[in-house]
Structure formats: structure tokens, C-alpha cells
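Working notes, structure below.
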Amino acid sequence: MSVYTTVTEAELAAWLRAYPVGMLVALQPIAKGIENSNFFVTTTQGRYVLTLFERLAPEELPFYLELMSHLARHGIPCPAPIADRNGALLSSLNGKPAALVTRLPGVSVDAPSAAHCASLGTLLARMHLAGRSFAGGLENPRGPKWWRLAAREVRPFLNAAQANRLEKELRFQSLYRLPDLPRGPVHADLFRDNALFEDSRLSGVIDFYFAGIDCLLYDCAVCANDWCLVHPVQDLRLDETKTRALLDAYARERPFTALERGAWPVLLRAAALRFWLSRLRDLHLPRPGALVHAHDPEHFEKILTLRATDAARSWPLA
């Protein structure tokens, strides 16, 4: 989340007249993340999040909003898009596609425990199960095709060792398409800052704007590479207790297949590659904007190197 397009209180108050949410009380920019312009909105009837979509293709936006609506209807604590008085989930504000969704309670956890990882695993599995009945289809927009395009864009900014590491990983991943793994809608960006807790209870999952259809296990790998580290900065190896907690809680809701257990090391590397590339791209090819935060790509370069070194690590559950 960040701010590329500014919105004044007067502009928002006029826009909100099309929505059954009452009068504007407060508007606050959200200065976090890298993709869209986001604002906390308080009205006389509730608390919401306003998103102006800066980069996503307009034809992709219904998938994200309809997926959130579907999951919310199935009991998943995620933002529910608000329809305007004509029933539309998507509108336009200051020349950008815009949507209003409910704001969930809670705060993110910087240093998750095994108990936090278990709560995440349970909710992630339930979310995947709820997604089985979702009819929308959008292939993961940050999947292998995007990796190759992004690699070409960032290659001029890499040193020889980095370029070699990138080429080796792309070759490795090209050997594994994994068509037989269970697939469905995945969040694909469920980092710690996209989950909210009230005390020890997982109260919400937010920011579905990288979602798509992919291997369900890929979602688990994305989570493990952020939630299950020995230390989130100083030691990027997977902590066995946290990883077991995540996967064991998930498996109690949706048991893993034998093929998924075998594919685990590959998808850990795929998840690390995706975020190394996106962070390289955001660092070296930034867009102009205010309150924009680019993440350090070295973090996921290190994770990818570690996961490639530990490629023979066995599936952590019995």
C-alpha cells in the first residue's frame, strides 16, 4: 500500500455520495507498500479502505473484488467490497479505477510465534477450501511468464554473480511446471503485514491484489518464507517449529497430497524468486509517487540462495 494519486476530502465526499455508507468523517493516507494508492476512510456508518488501482489492468480488477466478496460470504475474515447504489463494486476516482472495502480490526505481527503460524495455516486452508466454488479465473499474474519478463528488465542492474544466480534459478524452475498439484485461487502475497491479529486471534487477511489461480501449495511457500524464519532479519533459514506449525494446521483442514510434499522445495524457491524479482524491479524501475516504500531486494536474494542450498530438505511433516 502507498500513495501515488492524492485524494482530497472534498473529492472523496463527492465520490461517496454514490455509496450507501453515510457522510465522510475522516480520510487518512496509508503510507505502506508499493502497488496502489490506499486510504483509511471513516464515515458516519463505519470504517473502510479506499483503493485507487495504479498498475493493475482494468480487466483483472473484477477477479480480485469478486474473489473477496466470495470469500467474505463463505466466512473468511477478509475485506468485503462495498457496492455502489447501482450495484457496481468498481468505480473511478481522479481518473483511476477505485474500490471501497470494509476495514478489518487488528494489527499485524512483526515477529510471529509458532501459534501465530498455526492460526495462519488454519485460515489459509479454509480460504483455499472456500475458493473451490469460486468461478473466476485469472492465472497468477506474478507467475513464470512474468518472471521471465521481469528478469529481462532487471538484468542490466545486476552484477555478474546476481545475473548468474537469476539465470540458474530460472532454468531450475523451467524444469517444474507441476500441473498435477491441487490448484485454485491463492492470495500469493500473504506476508505478515497482510494479516491482522486481535490479541492472539487472527482477525483478518487483507490485500488480495496479487491473487490468482495457482498451486495451492505456492501460497504456503510464500507464507513460510516470511512467517517461519528463525529471525525475520538476522537469520532467514526456516524455523522447523514454525514451519511445522503452519503446515500441520493447514493439513488438518486440507491434507496435502504426496505430490505436494515432493514439490515443497521447488515452490519455496519459486516464492523467493518471485519476490526477489519484484523488489529488484521496484528498486531499479520505480514509478513516480508520494509516500512510496520500496523493499530491499537483497532480503529475498538471500532467502533464494538459502532455499536453493537446502533444496534436498525433506518435507517437514511426518
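The values are calculated or read from the model by the stated rules, or taken from the named source; none is laboratory data. This is a predicted model, so every value here is computed, not measured. Reconstructed Cβ throughout: ideal geometry from the backbone, glycine too, with neighbour counts over all protein chains shown. For accessibility, only protein heavy atoms count, side chains too; no ligands or nucleic acids. Shrake-Rupley method; radii C 1.70, N 1.55, O 1.52, S 1.80 Å.
In straight-distance terms, cross-link reach from K242 covers every one of the aspartates and glutamates whose alpha-carbon lies under 13 Å from its own, apart from those fewer than eight places away in the same chain; here that gives D226.
At the residue level, V7 shows approximately 20 square angstrom of accessible surface with a 1.4 angstrom probe and all protein chains present.
Taking the alpha carbon gyration tensor of the chain, multiplying each eigenvalue by 5 and rooting it gives semi-axes of 33, 23, 18 Å, largest first. The accessible area of S200, taken with all protein chains in place and a 1.4 Å probe, comes to roughly 90 Å².
Our note on the geometry: Cα centres of the range 14-45 and the range 175-239, 27 Å apart.
Just Q162, Q234, Q28 to compare: in a GNM of the chain, with alpha carbon springs under 10 Å, which one fluctuates most? Most flexible of the set in this elastic network: Q234.
Using the average count of surrounding beta-carbon atoms within 10 Å as a protection proxy, the listed peptides 204-214, 178-188 rank, highest first, as 204-214, 178-188.
Stretching D199 away from R287 to a fully extended chain increases their span by 28.0 nm, per 0.36 nm per residue minus the current alpha-carbon distance. Can you tell me how the range 1-112 classifies by the Cα gyration tensor, rounded, prolate or oblate, using a/c under 1.5 as the rounded cut? Note, shape of the range 1-112 comes out rounded. Among P144, P77, P20, the largest mean-square fluctuation in a Gaussian network model of the chain (Cα springs under 10 Å) belongs to P20.
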